[in-house]
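Notes follow the structure.
Every read-out reported here was derived from the displayed coordinates using simple, explicitly stated rules and does not represent laboratory data. Keep in mind the model is a prediction, meaning the values are calculated, not measured. Don't worry about glycine lacking a Cβ; one is built from the backbone with ideal geometry, like all the others, and counts go over all protein chains shown.
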């Protein structure tokens, strides 16, 4: 089942994001469930300020566990996280 994880950083948290970025990328790489993902940015892409991941997991509980253990989440980076079931309709599927 596909879920979108829409995560919004706390204001002025770029240093916290950068300090935990390597662990975050390693965590999701090892989870082996990400279909697409990347950071939200400001309009000129100079500052990362959130994350979007589309993950393929068994159910919402699995998605919630993964979010709870994300190094970004554990570090307190996110102001808000939205987990939404999603159906892939457009674009190439991998």
Quick one: if you stick a label point 7 Å off each Cα along the C-beta vector at residue 30 and residue 8, how many nm between them?
3.1
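So for the chain, what are the equivalent ellipsoid semi-axes in whole Å, largest first, each being the square root of 5 times an eigenvalue of the Cα gyration tensor?
Numbers: eigenvalues 93, 48, 28 Å².
Its equivalent ellipsoid spans semi-axes of 22, 15, 12 Å.
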Give me the angle, in degrees from 0 to 90, between the Cα long axis of helix 60-69 and the longest principal axis of the Cα atoms of the chain, rounded to the nearest 10.
30
Taking only Cα atoms and a 10 Å spring cutoff, compute GNM fluctuations for the chain and point out the largest among 65, 21, 84.
65
Which parts of the range 71-94 would a label at residue 64 reach, counting a residue when its backbone N lies under 19 Å from a point 7 Å out along Cα-to-Cβ?
71, 73-74, 78-86
The chain, Gaussian network, Cα under 10 Å: of 31, 68, 45, the residue fluctuating most is 45
Considering Cα pairs under 8 angstrom that are at least six residues apart, work out the relative contact order of the chain and quote it in whole percent.
48
Cα-only radius of gyration and Dmax that characterise the range 35-83, units Å
12.0, 36
Largest fluctuation, 53, 18, 66 only, Gaussian network model of the chain with Cα springs under 10 angstrom, belongs to 18
Tell me the angle of helix 14-31 to the major Cα principal axis of the chain, expressed in degrees between 0 and 90 and rounded to the nearest ten.
20
